[in-house]
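One structure is given below, encoded as structure tokens.
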Amino acid sequence: MLRLNAGSEGGNVPLFMDRHYIKGATQHAIQNAHTADLAVQDKYLVKFITYWFDETRSTAFCLVDSPDRESITHAHAEAHGEIPNEIIEVNPAVVEAFLGRIKDPAPPCEGSAERKNDSAFRTILCTDLQESTAMAVRLGDTRALHLLHVHNAITRNALKAHEGREARHTGDGIIASFTSAKRGVECAIAIQKMFRAHNDQNPDDAMHVRIGLNAGEPIEEDNTLFGTTVILAVRICAFAQPNGIVVSQLVRDECGESDFSFSEGLEAHLKGFDHPIGLAEVIWT
């Protein structure tokens, strides 16, 4: 199983992320709650670093330096009474890879106390280079490594062009994060088109990539950062055909009325999931 969420190391104060479900909350109310947290943090030896809030989903996530989970709960209780639904220990590098920051964002204009509404909901893209091990046997390590570097460059160029963030290199693929499902799908299409152009120009060095996309929030039932979301993206990627793009129904729904073409109504039993998963294939050719 992929391990994307290591805890703190070297005896430092642990870093935690907590999740609040607050129905009907507004950005202004959440900002006031964060200010109240800051006012009591010293009393409980914690530091409330930053937060993310999704008004549509009524969820807020706080990033906190704390000696333990209990101190976070006590500080929240005194500050505003909103007790977290879950608290998990996180690695700051993993938080930054998926969410793009580990501190408060700059206000929208100089001198303003207001901050931009920033959801923690992310679309996760996973690529997988077909038969990478067999490629090394067939071509030799040096040539296969060169092609892997080409794969990396194609994928990373597309990520940069579509505001994606690389979260992890898997050896024969890349896991990336997007704030927008549409950008994630656009990036997947761009990657496949770039590989098609490479293969047309280099038929002896053709590479074929599968791409899967899923979406979700940072803290889920398995208590790891984007754990189930990432694992499902990996499973969807494995389900896709070479040169194909398959997305979860959630990603399809997030795209709404868009210019993308989908082959819909797919379901698959994927490893590790006890119910059929709704899928859609992106028609990009």
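The values are calculated or read from the model by the stated rules, or taken from the named source; none is laboratory data. Note that the coordinates shown come from a computational prediction; the quantities given were computed from them, not determined experimentally. Reconstructed Cβ throughout: ideal geometry from the backbone, glycine too, with neighbour counts over all protein chains shown.
Kindly provide the set of residues from the range 157-174 that are surrounded by fewer than 16 Cβ atoms within 10 Å (Cβ to Cβ) and basic (Lys, Arg), ordered by number.
Lys160
Among the numbered conditions (1) closer than 30 Å to Phe53 by Cβ; (2) assigned to a helix (DSSP H, G or I), tell me where Thr155 comes up short.
Just one mismatch for Thr155, condition (1).
Is it the case that Lys160 is in a helix (DSSP H, G or I), assigned by TED's automatic domain parsing to the domain that holds Ala238 and under 18 Å from Glu217 (Cα atoms)? Spell out the reasoning first.
Details: in a helix (DSSP H, G or I): yes; assigned by TED's automatic domain parsing to the domain that holds Ala238: yes; under 18 Å from Glu217 (Cα atoms): no.
In short, no.
Taking the condition of being surrounded by 18 or more Cβ atoms within 10 Å (Cβ to Cβ), under 16 Å from Asn223 (Cα atoms) and at pLDDT 95 or above, how many residues in the range 65-87 meet it?
Counting residues in the range 65-87 that are surrounded by 18 or more Cβ atoms within 10 Å (Cβ to Cβ), under 16 Å from Asn223 (Cα atoms) and at pLDDT 95 or above gives 1.
What is the number of the single condition among (1) in contact (Cβ under 8 Å) with a residue 60 or more places away in the chain; (2) over 20 Å from the mean Cα position of the chain (by Cα); (3) under 18 Å from Leu148 (Cα atoms) that Ala188 does not meet?
The single condition Ala188 does not satisfy is (2).
Okay, residues lined up against (1) of a type outside the set (Val, Ile, Thr); (2) more than 23 Å from Val94 (Cα to Cα); (3) not assigned by TED's automatic domain parsing to the domain that holds Phe53:
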{"position": "Arg210", "(1), (2), (3)": "yes, yes, yes"}
{"position": "Pro218", "(1), (2), (3)": "yes, no, yes"}
{"position": "Thr224", "(1), (2), (3)": "no, no, yes"}
{"position": "Gly227", "(1), (2), (3)": "yes, no, yes"}
{"position": "Val230", "(1), (2), (3)": "no, no, yes"}
{"position": "Ile236", "(1), (2), (3)": "no, no, yes"}
{"position": "Ser261", "(1), (2), (3)": "yes, yes, yes"}
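Looking only at the range 177-200, decide whether some residue is over 28 Å from Asp54 (Cα atoms) and not in a helix (DSSP H, G or I). Please lay out each step first, then the result.
Narrowing the range 177-200 to residues over 28 Å from Asp54 (Cα atoms): 190-200.
Adding the requirement that they be not in a helix (DSSP H, G or I) leaves none.
Checked the range 177-200: no residue is over 28 Å from Asp54 (Cα atoms) and not in a helix (DSSP H, G or I).
Only one residue in Ser258, Ser248 is under 18 Å from the mean Cα position of the chain (by Cα), surrounded by 13 or more Cβ atoms within 10 Å (Cβ to Cβ) and of a type in the set (Gly, Ala, Ser). Which one? Please lay out each step first, then the result.
Details: Ser258 fails: under 18 Å from the mean Cα position of the chain (by Cα).
Just a single option satisfies the conditions, and that option is Ser248.
Could you please find all residues in the range 36-58 being in contact with a strand residue (DSSP E or B) (Cβ under 7 Å, 6 or more places away or on another chain), at pLDDT 95 or above and not in a helix (DSSP H, G or I)? Please lay out each step first, then the result.
Filtering the range 36-58 down to residues in contact with a strand residue (DSSP E or B) (Cβ under 7 Å, 6 or more places away or on another chain) leaves 37-38, 41, 46-53, 58.
Subset that is at pLDDT 95 or above: 37-38, 41, 46-53.
Val46, Lys47, Phe48, Ile49, Thr50, Tyr51, Trp52, Phe53, listed by residue number.
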